[in-house]
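The values are calculated or read from the model by the stated rules, or taken from the named source; none is laboratory data. The structure presented is a predicted model; accordingly, all values stated were derived computationally and were not measured. Cβ sites come from the backbone with ideal geometry, for glycine too, and all protein chains shown count toward neighbours. Ligands, DNA and RNA are stripped out before the accessible areas are found, and what is left, the full protein with its side chains, is counted by its heavy atoms. Shrake-Rupley method; radii C 1.70, N 1.55, O 1.52, S 1.80 Å.
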Amino acid sequence: MQSPLIVESIYFNDLNEMKKEFKFNKNNIYELRYDLFKDHSYESLPDVLLYLNDNSIKYIFTCRLGIEYYKIADSYNPWMMDLDVNLNFRPKNSLMMLSYHGENNDNVPAVFTLMNAKKPDYYKIALNYNNIIKFVDDLHYLLIKKEEGFKIAFIPMGIGNEALRLFSGLFLSDIVYARYIKESAPGQIKREDYESFYFKYGKH
């Protein structure tokens, strides 16, 4: 059994801190959360992206601050761009992940149908769960979609849902998210937590 891609979310105060603190592994994949940088200016973005590209780092570009950031990043060809489902933009050369972030009671089949109209490469659904039955129902629905050939990142967010993140990756998710140093979302766990869990259950 193959384990999901473990993507470590990274953000820093600025490029200078990134150069000092980011001990990257070229075999790993990272999510650049540029919106969480203290300096998240338009002007600084090209140098951050050049630094990643010059070091042959495979990364997902994510910025929840608006479409203009994606237009800039598009010239630097990230491996993938993570766009909110409401953004009307499609990368020229990067893979496209559409994201939906919501709450426990959100209608996952309706969300998936909305996302599917834009035909992304990956579908990311991240909900703050407080009901295990709803999580299992959504997991079951998305497993059916996975069997139909869709690539899915199903992220159960929230403090106390760390185990659900592990099980989502074990049974469903093609991508799971880990913290590099600091969390980029509540309940995010470390790469080592995923690796030890999946090794135990035969996913390598």
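Observations on the structure shown:
- Normalised by 2.2 N^0.38 Å, where N is the number of residues, the alpha-carbon radius of gyration of the range 41-84 equals 1.05.
- Note on Glu68 and Glu195: their simple-model spin labels are 4.0 nm apart, each label 7 Å out from Cα toward Cβ.
- Rounded percent of accessible protein surface that carbon and sulfur make up, the chain, 1.4 Å probe: 51
- Listed residues Tyr34, Tyr70, Tyr141, most fluctuating in the chain (Gaussian network, C-alpha, under 10 Å): Tyr141
- Global size of the range 90-180 as Cα Rg and Dmax, reported in angstrom: 12.7, 40
- Highest-fluctuation residue, Leu36, Leu98, Leu87 considered, GNM on the chain with Cα pairs under 10 Å: Leu87
- Measuring r between the beta carbons of Asp14 and Lys58 and using R0 = 30 Å, the FRET efficiency lands at 0.85.
- Mean residue ellipticity (222 nm) of the chain, computed from DSSP H runs ≥ 4 via -39,500 (n - 2.57), nearest 500: -10000 deg cm²/dmol
- Solvent-accessible area per residue in the range 1-102 equals 48 Å², computed with a 1.4 angstrom probe and all protein chains kept.
- Annotation: amide H-H contacts under 5 Å for Glu31 (H modelled 1.01 Å from N, sequence separation of 5 or more, or interchain): Glu8, Ser9, Ile10, Ile60.
- In the range 19-92, inverting the average of 1/r over every pair of distinct C-alpha atoms gives 12.7 Å as the Kirkwood radius.
- Note on Ile181/Arg90: beta-carbon distance plugged into 1/(1 + (r/R0)^6) with R0 of 22 Å gives a FRET efficiency of 0.10.
- In this structure, Ile132 and Tyr42 have a Cβ-Cβ separation that, at R0 = 41 Å, corresponds to a calculated FRET efficiency of about 0.45.
- Most fluctuating residue given options Ile144, Ile181, Ile57, as computed from a GNM of the chain linking Cα atoms under 10 Å: Ile144
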